[in-house]
Amino acid sequence: MEEPSRATPRDLFQLALAWWEAGERFDIGRMATALGVSRATVFRWAGTRELLYGEVLSSRFDAALATARGQAKGEGPVYVADVTQRLIRLIVEDAPLRRFIQQDSEYAMRVLMSKSSRVEARCAASIVAALEEGVRERHIRPALTLDALAHAIVRVGNFFLYRDALTGDPVDVGSAITAIRILVTAEAGDARWNGR
């Protein structure tokens, strides 16, 4: 029987963050041993190894977005473009993320892009929250719904930022920034979008 432990789900998340930074692959058995709990407890807390990676990736995306928003300058589309550029550079320069993709690109893409991991959905939700502020302050008037726009931004970003894993082509930061700027600056009411 498992001995009582003072470890909590928060401790598991902190351990996962530490392993992520160190480039350690998540191993539920080793994590359970490190925390002094059973594998069943770790699975109950985390769900699966993929979901645990998803939690770490989502939290790091939220932190990067907050940093980009805090450092960006300007207002309206200029501000959104600056946030986008800073966010993308933070993602590209994230050494643990690049290492994760290089270790096993197929698994990494599954964690980053599959419906089951929820990383895309959580990143899109964070982007929606950021866009809502721009709409509320009347700095942007997107042609798409915020949900559709956020998901398009995530997908476009994924394509250009993870091209090396997806197609073997080099990462293309410039095209990612340009494409996302086009998406965000396309305004509702613009005659070019009539009849869509």
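The values are calculated or read from the model by the stated rules, or taken from the named source; none is laboratory data. Since the structure is predicted, the reported quantities are computational estimates derived from the model, not experimental observations. Cβ sites come from the backbone with ideal geometry, for glycine too, and all protein chains shown count toward neighbours. Just so you know, the surface numbers come from the protein's heavy atoms only, side chains and all, with ligands and any DNA or RNA stripped out. Shrake-Rupley method; radii C 1.70, N 1.55, O 1.52, S 1.80 Å.
Take residue 84 and decide whether it is over 15 Å from residue 158 (Cα atoms) and either of a type in the set (S, T, N, Q) or crowded, with 18+ Cβ neighbours inside 10 Å (or both). In short, no. Return the pairs, sorted by first residue and then second, in which the second residue is buried (at least 18 other Cβ atoms within 10 Å of the Cβ), the first residue lies in the range 112-135 and is among the basic types (Lys, Arg), the beta carbons are less than 6 Å apart, and the residues are 6+ apart or on different chains. These pairs meet every condition: 118/54; 122/58. Among residues that are in a helix (DSSP H, G or I) and modelled with pLDDT of 90 or more, residue 169 is not included. When the range 129-188 is limited to residues that are within 16 Å of residue 83 (Cα to Cα) and in contact with an Asp or Glu (Cβ under 6 Å, 6 or more places away or on another chain), the one that is surrounded by the fewest Cβ atoms within 10 Å (Cβ to Cβ) turns out to be 139.
If you check 50, 24 for being over 26 Å from residue 130 (Cα atoms) and either outside any helix (DSSP H, G or I) or open to solvent by less than 20 Å² (accessible area, probe 1.4 Å) (or both), only one passes: 24.
Report whether or not residue 56 is in a loop (DSSP other than H, G, I, E, B) and surrounded by 13 or more Cβ atoms within 10 Å (Cβ to Cβ). When the stated conditions are applied, residue 56 does not pass them. Can you pull out every residue in the range 108-134 that is in contact with a Gly (Cβ under 8 Å, 6 or more places away or on another chain) and either modelled with pLDDT of 90 or more or assigned to a helix (DSSP H, G or I) (or both)? Passing the criteria: 111, 119, 122, 134.
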